[in-house]
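Asks: I'd like to ask some things about the structure below.
A short reminder: the numbers here are calculations on the coordinates, not readings from a lab. A quick note: this is a predicted structure, and the numbers were derived from the prediction, not measured. In this analysis, Cβ positions are derived from the backbone assuming ideal geometry, glycine residues included, and neighbour counts consider all displayed protein chains.
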Amino acid sequence: MRLKSVHNVSPQLHSWMRDIREKIHQNPELSFEEFSTAALIKQNLGEIGVNSIQQVAGTGVVAEIGTSGSSVVVGLRADMDALPVTEETGLEYASIVPGIMHCCGHDGHVAMLLGAAVILKEMEISGRVRLIFQPAEEKGNGAEKMIEEGVVDGLAAMFGGHIDTHYETGVITVDEGIICAYADPFCIQLSGSSGHAARPHECTDVIVAAAFLITSLQSLVSREIDPNHAAVLTIGKIRAGETHNVIAGKALIEGTIRSTHPQTRERMLSGLKRMVKGFSFQYAVEAELHFSHVMPAVDNNCLAASTARVAARNVVPEGNVVSQGPSSLGGEDFAFYLKEVPGCMVRFGAKVSGEAGPAHSPTFLFDDDVLSVGASWYAEVALVFHQEQRKK
């Protein structure tokens, strides 16, 4: 695909970004452990002549480029952490770190934003641009840590993008409003009494109780939520028991609720509380429900989305700028930035041919050509934003 932007990505720049992406992919780091990634980012920023570089929130990196005298600053964000997944892609640059893999495209996001920095430096953009390389998106609290350390202070707007292999390379999705779900992680601790497997009447079996609860919770979505409003409840972890002939007296259930409508979210949360309370009486177990680190929905600002759309149409053919359709039920901590400043997150199509797994799977792959699309859009959206500001 040939980009039509006036600041097209050269083959040399694309190769440079690809090399960076491969280095990061081969050496993935988990949330708040991205020290080598941060060092690589700082090294490359320095080599292209970016001097204003800070390391914040432990492993985050922030830099500014553009006209130092300008009072208007626009933020561009890329996340940088990997996941605890064992890679099975067979790539030449596959992860060499056991049990850790970049399987969500964050290695590509870092390379894109560095590429955008090269473009913006060459353009000598009129206006300030803050480059934000954020740790711990997968953990869900990296953005909050960055905000606490002042990375959004003085920002007029914030833009971000995410690789998405559901769309063809060269497609950019832009939408107003909610594009990613509210995410409400929870855990349920069950306490009964243990004993001999042959004498269940002398015990309170929490495994049987847990199995009943897990199955019953699915009725929250199927019977209590408006079918026109998306929601999902997933149990991702259960831990109970030690051996085959002992009835377990304790169990831990961990899950998440995802929703894209405020009223649906409230009904799901209140319903979960009600069912856990009722279940404890029914099965004579103690049940404690805890919520941890609630993540708001990514709610794109209308004006920022308009800017993002103009930039996308300057980078790819107009027919390739599309809506993602219904909101994703995935969580994304870019949402925390949008609580502080107006902004917009887009998706970059990066579908690959043949067999490839989805995001967060050990066989996840994306098309490297997306690096040029993303870098060009990041640079263009900063340019368009400043142009629009000067017209006001």
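Asks: Just want the answer: with Cβ charges of +1 for Lys and Arg and -1 for Asp and Glu, which residue in Pro358, Gln389, Leu114 is farthest toward the dipole's positive end in the chain?
Replies: Gln389
Asks: Order of Ser376, Ser323, Ser194 from fewest to most other C-beta atoms within 10 Å?
Replies: By the 10 Å Cβ count, ascending, the order reads Ser323, Ser194, Ser376.
Asks: Something else: How would you order 357-369, 297-309 from highest to lowest mean count of nearby Cβ atoms within 10 Å?
Replies: Values: 357-369: 17.2, 297-309: 21.2.
Ranking, from highest mean packing down: 297-309, 357-369.
Asks: How high is the FRET efficiency between Val322 and Glu288 when r is their beta carbon distance and R₀ equals 35 Å, given to the nearest 0.05? Display every interim value, and only then the final one.
Replies: Numbers: r = 45 Å, r/R0 = 1.29.
Once the sixth-power term is evaluated, E becomes 0.20.
Asks: What does the charge count near Leu190 come to, summing +1 for each Lys or Arg and -1 for each Asp or Glu among other residues with Cβ under 11 Å from its Cβ?
Replies: Working: positive: Arg239, Lys250; negative: Asp205, Glu286, Glu288.
Net charge in that neighbourhood comes out at -1.
Asks: Once the Cβ-Cβ distance between Ala356 and Arg199 is put in as r, and R0 is 45 Å, what FRET efficiency do you end up with, to the nearest 0.05? Working shown, then result.
Replies: Values: r = 51 Å, r/R0 = 1.14.
Here the calculated transfer efficiency is 0.30.
Asks: Is the shape of the range 245-363 best called rounded, prolate or oblate, per the rule: a/c under 1.5 gives rounded, else a/b larger than b/c gives prolate, else oblate, with a ≥ b ≥ c the square roots of the Cα gyration tensor eigenvalues?
Replies: Details: a/c = 3.51, a/b = 1.94, b/c = 1.81.
Verdict is prolate for the range 245-363.
Asks: Further question: If the chain between Asn245 and Ser15 were fully stretched, how many nm would it gain, using 0.36 nm times the residue separation less the Cα-Cα distance? Present the calculation step by step, with values, prior to reporting the outcome.
Replies: Numbers: separation 230, 0.36 × 230 = 82.80 nm, distance 5.92 nm.
Here the segment from Asn245 to Ser15 would lengthen by 76.9 nm.
Asks: Please figure out what share of the DSSP beta bridges in the chain is antiparallel and state it in percent, rounded to the nearest 5.
Replies: Values: 46 of 69 bridges.
If we restrict to bridges inside the chain, about 65 percent are antiparallel.
Asks: Just to confirm my numbers, what's the Cα centroid distance between the range 65-84 and the range 239-288 in Å?
Replies: Here the two parts' Cα centres lie 40 Å apart.
Asks: Measure nothing but the geometry: give the 0 to 90° angle between the long axis through the Cα atoms of 302-315 and the longest principal axis through the Cα atoms of the chain, rounded to 10°.
Replies: 60
Asks: While we're on this one: Could you tell me which residue out of His102, Leu217, Thr204 lies farthest along the dipole of the chain toward its positive end? Charges go on the beta carbon: Lys and Arg +1, Asp and Glu -1, centred on the Cα centre.
Replies: Of the listed residues, the answer is Leu217.
Asks: Where nothing but the Cβ of Lys and Arg (+1) and of Asp and Glu (-1) is charged, how large is the charge dipole of the chain around its Cα centre, in debye to the nearest 20?
Replies: On the way: 31 positive and 46 negative charges, 173 e Å.
The calculated dipole for the chain is roughly 840 debye.
Asks: Something else about it: Would you mind classifying the range 182-291 by shape? Square roots of the alpha carbon gyration tensor eigenvalues, ordered a ≥ b ≥ c; an a/c under 1.5 is rounded, otherwise it is prolate if a/b is larger than b/c and oblate if not.
Replies: On the way: a/c = 2.78, a/b = 2.39, b/c = 1.16.
Since a/c reaches 1.5 and a/b is larger than b/c, the shape of the range 182-291 is classed as prolate.
Asks: Quick check: the distance between the Cα centres of the range 304-374 and the range 25-56, to the nearest angstrom?
Replies: 23
Asks: Same structure, new question: In terms of the ratio Rg/(2.2 N^0.38 Å) built on C-alpha atoms, what value belongs to the range 114-248? Walk me through the intermediate numbers first.
Replies: Working: Rg = 24.4 Å, N = 135, 2.2 N^0.38 = 14.2 Å.
Output field value: 1.72.
Asks: Please build a GNM for the chain, connecting alpha carbons under 10 Å apart, and tell me which residue among Ala312, Ala94, Ala181 fluctuates the most.
Replies: In the Gaussian network model the winner is Ala94.
Asks: Going by alpha carbons, how many degrees (0 to 90, nearest 10) lie between the helix axis of 11-26 and the longest principal axis of the chain?
Replies: Approximately 30 degrees, to the nearest ten.
Asks: Suppose every K and R has +1 on its Cβ and every D and E has -1 on its Cβ; what is the size of the dipole of the range 229-322 about the Cα centre, in Debye to the nearest 20? If you can, show how the numbers build up before the last one.
Replies: Values: 11 positive and 7 negative charges, 28 e Å.
Result for the range 229-322 is approximately 140 debye, rounded to the nearest 20.
Asks: So what's the back-of-envelope 222 nm ellipticity for the chain, counting only DSSP H runs of four-plus at -39500 (n - 2.57) apiece and dividing by all residues, rounded to 500? Mind dumping the intermediate values first?
Replies: On the way: 10 runs with 135 residues, N = 392.
My calculation for the chain gives -11000 deg cm²/dmol from helical runs alone.
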